[in-house]
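Structure record follows, encoded as structure tokens.
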Amino acid sequence: MGKVVETMNDPSDPRVLEDRDAASTAEDPAGSGEAGDDLIGAGGAGDDLAGAGEAGDDRAGAGEAGDAPSGDDAPGGGPSDGFSPRGAPDRPPTSPPRAASHVIAVGGGRGGVGKSLVAVSLAVYLAQLGKAVVLVDADAAGSNLHAQFGLRPARGEPDVDADGPEALRRALVPTSVPGLSLLAAAHDAVAPRPALRAGRKRRYLRALRELATDYLVVDAGPGHGELALDLMMSADIPIAVTVPEPPAIETTYRFLRAAFRWRLRRALARDRLRSSIVERALADMGVLPAPIDLVQRLSKTDRVLAEIAWAEAQAMRVQLVVNQTRLRTDNELGAWMSGLISRHYGIALDELGHVEQDDTVWLTVRRSKPLLIDSPTSKSARNVERIARRVLALATSKPGEAAGALAIPTGEPTLYAVLGVTRSANDEEIRRAYKRQREIYATGGLATVSLLDGEQLAASQRRLDEAYDTLLDPVRRRAYDLSTFPDAEPEVLSARTTRPALAAEQLMLQRELQREIGPDSEFSGALLRKVRESLGLEIADISAKTKIARAHLSALEEERYADLPALVYTRGFLVELAKQLGLDPMQVQKTYLRRLREELASRGKELV
């Protein structure tokens, strides 16, 4: 029926170090940059929320500080029983799960970008599928998830030190959504939450993982503070939320740099010498560096250390949601940021989707109801529902084969990599790629905010012009190919722009469609949309190929019959759409128009 999509690498694939519980008394790596109150504080355990949301590397080390790991709360403790990822199959269990099967954390942005909207919507969507879900409000500064359900805040913080996971279980509050419980924060408590230092933080995070639920959805709060980093980078699926505004984009990029430092410190927690080299390099650079910049600096003094850092960069994987989009360029911002981060940071920032600006969202907040409950048919609800479906597909997909490691970049990317095309690209593909890249690297563009300074941006623009002029000239292109690729073409960094969430969603939809589509299937607008999404096609793609207006394609999928043209045109649109989707044009036309006639007849109208 459609194209076969290979499974991408599962970001929750655990690659836990065999000796993660062995070290217990390692000291702080020389001169850690910040306070050591993070998940694995001095002499503490590496019992964090999960192995790693992106690549599952559950390595002991420091979050904001360079504190070292151990096996339990006290030095020399026993095995780690913290937030290691579980790969439980996503199906109704015969008995309640003994611990959280999947941990999803939402954060990575500044305050007010919509993290709570995404977290609540994910939790509601999963609960509506019959899953047991716990929604955790871990925003230390602005906790308010209780208000989304019309509930009161907690009166006090659970005493995890005394009662462990049982304290959290007693604090769970059922919501109006069956299967969904809330662990609210006590921001109105007389005594504020004690600082989560070292052992307390480990016990709190371990207790979260031990909650008996299918899905644990955590609102990690804004920024890149210690607890937010621990929650995000220890989750099976970390999701960063941003909006099309310079301050928000800058915050997301800063979070990614801090997250890489978090991973690298953890990876080197048992190696005091190399930890000290990293800390000295960070101090000398004076700013939170881009991963590629730090790797290249380390390669000048210690090649093995640079390879360790580069492996951590490639293993890092964060999902991205762009909220409050209004313009076409806003809708494409996620894909642009993903490509830029891959090229300039060397890490994977996978676009999950976008949520359009919609007044329905603030109306549902005023009514103290979740969006998917109060306005499930709104455009913003459809957006977040698709994002939730992709998260579900990621969580339940099987791990793919590990991708081959890329070499540490040592020089300028090739002209093909600059445009994001392969060596087999024709002239038309090069022109389209150049137009797209010029839009991304435009002066004053959103996607490059804080990523490139003025001089770097100008250099990138000149490099784009050079690539365009060279690759469109057959003689110059031939000479460039001979001088740059004397042997087989190597894999380039820009080629690593896959979208595992989209691929997992397509596979899930294709499996469902195999059961739903048969000789007698009736094609509704919803089914046509599902087929399109299973093929990874956007409405804009089909519009460009068929010359059918996007508005008419959207009207067909949403069954807005009043917005469709005359019957003769609608019939032709259905035929062309069916061809693009690989469906039987006659069956699509016949069954869709029959639904249209029946709907109009119920309104006392006639199809003309």
Among residues of the range 121-139 being of a type outside the set (Ser, Thr, Tyr) and under 16 Å from the mean Cα position of the chain (by Cα), the residue farthest from Tyr215 (Cα to Cα) is Leu122
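Which residue out of Glu250, Glu245 is of a type in the set (Asp, Glu), modelled with pLDDT of 95 or more and within 29 Å of Leu205 (Cβ to Cβ)? Even if it seems obvious, please write down each step before you answer.
On the way: Glu245 fails: within 29 Å of Leu205 (Cβ to Cβ).
Answer to the check: Glu250.
Which of the helices (runs of 4 or more DSSP H) found entirely inside the range 223-289 contain at least 2 residues meeting this: hydroxyl-bearing (Ser, Thr, Tyr) and either in contact with a Cys (Cβ under 8 Å, 6 or more places away or on another chain) or more than 12 Å from Val106 (Cα to Cα) (or both)? Don't jump to the end; show me each part of the working.
Working: elements: 226-233, 246-267, 272-285.
Correct list: 246-267, 272-285.
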Check your understanding: Any chance the range 484-506 includes a residue that's at pLDDT 90 or above, surrounded by 16 or more Cβ atoms within 10 Å (Cβ to Cβ) and not small (Gly, Ala, Ser)?
Key -> no
Per the list (1) in a helix (DSSP H, G or I); (2) free of Cβ contacts under 8 Å to residues at least 12 places away in the same chain; (3) not β-branched (Val, Ile, Thr), residue check on Gly518 breaks on (1)
(1) among the small types (Gly, Ala, Ser); (2) over 30 Å from Asp469 (Cβ atoms); (3) surrounded by fewer than 19 Cβ atoms within 10 Å (Cβ to Cβ) all hold for Ala348 apart from (3)
Review point. Is one or more of the residues making up the range 441-451 buried (at least 19 other Cβ atoms within 10 Å of the Cβ) and in a helix (DSSP H, G or I)?
Key: no
So, first residue free of Cβ contacts under 8 Å to residues at least 12 places away in the same chain in the range 421-447, second residue not in a helix (DSSP H, G or I), Cβ within less than 7 Å, six or more apart or across chains; the pairs are Glu429/Val421
Note: among Lys579, Lys547, just one is of a type outside the set (Ser, Thr, Tyr) and on the phi > 0 side of the Ramachandran plot, namely Lys547
The number of residues in the range 263-295 that are free of Cβ contacts under 8 Å to residues at least 12 places away in the same chain, within 26 Å of the chain's Cα centre (by Cα) and over 22 Å from Pro409 (Cα atoms) is 0
Selection from the range 341-355 of residues in contact with a Ser or Thr (Cβ under 7 Å, 6 or more places away or on another chain) and in contact (Cβ under 8 Å) with a residue 40 or more places away in the chain yields Ser342, Arg343, Ala348, Leu349, Asp350, Glu351, Val355
Note on Asp520: of the conditions (1) farther than 30 Å from Ala417 by Cα; (2) at pLDDT 90 or above, unmet is (2)
Gln319: passes all of (1) modelled with pLDDT of 95 or more; (2) in a helix (DSSP H, G or I) but (2)
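Please give the helices (runs of 4 or more DSSP H) falling wholly within the range 544-608 in which 2 or more residues are under 19 Å from Val531 (Cα atoms) and more than 39 Å from the chain's Cα centre (by Cα). Reasoning before the result, please.
Values: elements: 550-558, 567-581, 585-602.
Counting at least 2 such residues, we get 585-602.
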Here the qualifying pairs (Cβ atoms under 7 Å; residues six or more apart or on different chains; first in the range 402-420 and under 22 Å from Trp336 (Cβ atoms); second modelled with pLDDT under 80 and not in a loop (DSSP other than H, G, I, E, B)) come out as Leu406/Leu493; Pro409/Leu493; Pro413/Leu493; Pro413/Ser494; Ala417/Leu493; Ala417/Ser494; Gly420/Ser494
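The values are calculated or read from the model by the stated rules, or taken from the named source; none is laboratory data. Everything numeric here is computed off the predicted structure, so don't read it as measured data. Every residue, glycine among them, receives a Cβ derived from its backbone with ideal geometry; neighbour counts consider all protein chains shown.
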